[in-house]
């Protein structure tokens, strides 16, 4: 009899349990505890995952490269398919055209770039002398003795002391194993790169051929309860990445073409090489255009003041055309990411993952943003912790916000009166 509870006590216990689970603070603590547990377990068993990481490193390059080329070529394949050409045949047409462009680049464009790069390397001593001459003209005051004031014997003794000849044998013994390991690493890297180059077209072919089937297979594995939210995540993520990669590549090609035309007109040295650098660097949002202008400005300054002014004019014209016509028409505002956010993404991803992080950081953030937004909206509707509100898409939300701002602007004069 002592173990029996009254009905009102059972209701209080159930109510307390529900309030505990519905408390946001408690849920946050549980999620934090779960994340910390997963991280702790991962750190303690990470050595067991070394074979998995080796496999991921092996397939990462061909898979990522195939994904990038998929988003570039899929619109062309879909266009031919809409014109009545079978998709498999359309893929082979695009592949043949791509091979022809690669062959043309190998026999015409690449030799030109190689020749200009070799010429630039040969002229580096002259450019270095010019830079030293410009620096010598600056009014720099030194507090200590200059090299001309040092005696020849002291200079030779300083060089010998810096070599540490007594430790030379030990350095050689330490250097040889590192050299052997370095050669092994180089061979492994070359093998991975060649394997990726050979397997990437195969992966790309099946991505283009079975793109819709891949999404259907993923949704088939998802429980029916989550089919809608997972479908929206796949659709919106694919749309965001497609717009970003395709748009950035088209803008980069347009920028390279415009710089090539401008530098050729003003007869700037290494015009094609500098234009190619500008196009590739422009793949990086915002920062890329600034980095691309630096080499051209340096070459123009070392050539003559007049050439430096011409380079500035070409860069200004290109920036005007790109900012007013090219980027708005191709990119628009489809990413819905604030420029400051993009800069933080570039800095963080570049610090963590290097060049690949700078290139892939923005689309990765766009995908993560889609996943977080969809999961939050699903949790908001299904948890019962929030008031029932109508969830609208981004376009409807922006329109409602604009209408609200207009309404407030109309009411403000009356309030001031």
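The values are calculated or read from the model by the stated rules, or taken from the named source; none is laboratory data. Predicted model only: the values in this text are computed from it and were never measured. Reconstructed Cβ throughout: ideal geometry from the backbone, glycine too, with neighbour counts over all protein chains shown.
Points worth noting:
- Among the helices (runs of 4 or more DSSP H) confined to segment 282-351, the ones with at least 3 residues that are free of Cβ contacts under 8 Å to residues at least 12 places away in the same chain and surrounded by fewer than 17 Cβ atoms within 10 Å (Cβ to Cβ) are located at 287-303, 305-321.
- Members of segment 245-272 found to be buried (at least 18 other Cβ atoms within 10 Å of the Cβ), without any contact (Cβ under 8 Å) to a residue 60 or more places away in the chain and in a loop (DSSP other than H, G, I, E, B), listed by number: 268
- Any hit, segment 296-319, residues being more than 30 Å from residue 122 (Cβ to Cβ) and either assigned by TED's automatic domain parsing to the domain that holds residue 69 or touching a helix residue (DSSP H, G or I) at 6+ places or on another chain (Cβ under 8 Å) (or both): yes
- A single member of 85, 64 is outside the structural domain of residue 274 (by TED's automatic domain parsing) and not in a helix (DSSP H, G or I), and it is 85.
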